[in-house]
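Novice: Have a look at this one before I ask anything.
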Amino acid sequence: MTVICQLTTERKKVVPNIKSAIKRVEVAERNRERNRNWKSQIRTATTNVEDACDSGKAEDTAAALKRAYSVIDKAVSKGILHRNTAARRKARLASQLVKSSAKK
């Protein structure tokens, strides 16, 4: 049997004794990795939109915004983000696009 450890805030290893607790540690770790991956994709897509807004190319900006919306919506469907959080992030991206287009 594999020993599952969970790191506490003091960085001491805590090993659960109960089978269900061991399983919860495994599931929590799996979910943490999945959430990390999706949140990284969201940050990357957001950064790409910001860079495209700064470059001033309309087609690049539109493509980046479409990709960011898609990534955010998929994260909502998988339970990574709350739908209100996603709506707020998409609104901020859109307002950033409007501000950048107004400057030029």
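No value in this document is a laboratory result; all are computed from the given coordinates. What you see is a predicted model, and the numbers here were worked out from it, not measured in a lab. No Cβ is skipped: glycine too gets one built from the backbone with ideal geometry, and neighbour counts run over all protein chains shown.
Novice: Which entry in (1) 13.7, 44; (2) 21.4, 87; (3) 19.4, 63 is this structure's computed Rg and Dmax of the Cα atoms in Å?
Specialist: Correct label, based on the coordinates given: (3).
Novice: Ok, one more. Going by average Cβ density within 10 Å per residue, which order do the peptides 24-37, 67-80 take, highest to lowest? Please list the in-between numbers first.
Specialist: Values: 24-37: 12.1, 67-80: 16.5.
Top to bottom by mean Cβ count within 10 Å: 67-80, 24-37.
Novice: So, with +1 on the Cβ of K and R and -1 on the Cβ of D and E, and no other charges, what is the size of the charge dipole of the range 6-103 about its Cα centre, to the nearest 20 debye?
Specialist: Here the range 6-103 has a charge dipole of around 520 debye.
Novice: Follow-up. Which length gain, in nm to one decimal place, applies between Val25 and Asp51 when the Cα-Cα distance is subtracted from 0.36 nm times their residue separation?
Specialist: That works out to 5.5 nm of additional length.
Novice: Could you tell me which of Asn17, Ile72, Ala87 has its Cα farthest along the dipole of the chain towards the positive end, charges placed at Cβ (Lys, Arg +1; Asp, Glu -1), taken about the Cα centre?
Specialist: Final value for the positive-end residue is Asn17.
Novice: Moving on. Out of residues 5 or more away from Leu81 or on other chains, whose amide H comes under 5 Å of its own, with H placed 1.01 Å from N in the peptide plane?
Specialist: Those qualifying (amide H under 5 Å, at least 5 residues apart or on another chain) are Val76.
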